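Structure first, then comments.
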Amino acid sequence: MSKLQNIERLSLNQITTDPWSLQEAVEGCARAEVPWIALWRHKIEEIGLKQSKRIIQDAGINVSSICRGGMFPAATKEERQKRIEDNRRAVDEAAELGAEVLVLVCGPAPDKELISARKMVAEGIEQLVPYAKERGVKLGIEALHPMYAAERSVIVSLEHANDLAEKYSPDEVGVIVDVFHVWWDPALFQQISRAKGRILGYHVSDWLVPVPDLLMGRGMMGDGVIDFKPIRLAVEEAGYTGPIEVEIFNQKIWDQPGDEVLALMKERYLEYV
């Protein structure tokens, strides 16, 4: 089975080294010769957009995506509009930093009504598309594992993400394939094939057994049960050959020196991904 021969597609999703500031993460990537980084908005906010842009440009690191937009559902019309405005700011940040993709974590229901929450997600994306298109930013809908439906996203399958994305052109809206969220899905390969031409990102981490924590329980590739290579090959066959982000929420990993995390990340990427 095809094996990655180098790290030219490897991207550090900034959450994997969460204790690092944006500057520390960028400098760490430069030392480790990791060519891509995915930035989180709270890290950009800490130092400002102008300073963030300068640091990235000076280091010569490419930005694979900005995380995150979304969180569309809300209890009132006014709050929903505030979230659209925040998403527009996220689009502006992506455009300024040279990221083609804004990752959408679409948000939970403000009450128990999943149907109405999913309608709010669809309406939110519809409102955001023209603004993003004008600025050259694509919206990547990320389906989350169903265990996050109550607090993070009511979009819980790649099929549902495809349903939403297919209302638009691939230059406007696509999907993010995150193996942690979708590896279990019996329809995974069918849905990856369906997403041909509109996959905007590919994220990797491992599913640990037992899962130590719903949010903070992701593992480094090779420490869990996910068979990565068939999924990566399917994603490539569907036309995606862009950056591969390593995105890990895990306190034990955060407690390790960042440079050691990057060294292990590179090793495991080449061996397992």
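The table below lists the values:
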item	result
Candidate set from region 24-55 (those that are β-branched (Val, Ile, Thr) and closer than 16 Å to residue 102 by Cβ); member that is nearest to the chain's Cα centre (by Cα)	37
Any pair with Cβ under 8 angstrom, 6 or more apart, that starts in region 228-255 at a residue that is on the phi < 0 side of the Ramachandran plot and ends at one that is modelled with pLDDT under 95 and charged (D, E, K, R)	229/3
Hey, residue 96 of a type outside the set (Lys, Arg), touching a residue at least 24 places away in the same chain (Cβ under 8 Å), more than 14 Å from residue 165 (Cα to Cα) and assigned to a helix (DSSP H, G or I) or not	yes
Extreme residue, surrounded by the fewest Cβ atoms within 10 Å (Cβ to Cβ), among residues of region 62-85 that are in a loop (DSSP other than H, G, I, E, B) and touching a Pro at 6+ places or on another chain (Cβ under 7 Å)	75
Options 121, 129, 154; residue that is in contact with a strand residue (DSSP E or B) (Cβ under 9 Å, 6 or more places away or on another chain), closer than 20 Å to residue 81 by Cα and surrounded by fewer than 20 Cβ atoms within 10 Å (Cβ to Cβ)	129
Exclusive hit being of a type in the set (A, V, I, L, M) and part of a strand (DSSP E or B), set 128, 144, 104	104
Residue list for region 242-261, restricted to those being in contact with a helix residue (DSSP H, G or I) (Cβ under 9 Å, 6 or more places away or on another chain) and part of a loop (DSSP other than H, G, I, E, B)	247, 248, 249, 250, 256
Residue 11, sole failed condition from (1) among the small types (Gly, Ala, Ser); (2) more than 15 Å from the chain's Cα centre (by Cα); (3) buried (at least 18 other Cβ atoms within 10 Å of the Cβ); (4) within 17 Å of residue 244 (Cα to Cα)	(2)
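The values are calculated or read from the model by the stated rules, or taken from the named source; none is laboratory data. Quick caveat: nothing in here was measured; it's all calculated off a predicted structure. FYI the Cβ positions are ideal-geometry reconstructions off the backbone, even for glycines, and counts take in every protein chain you see.
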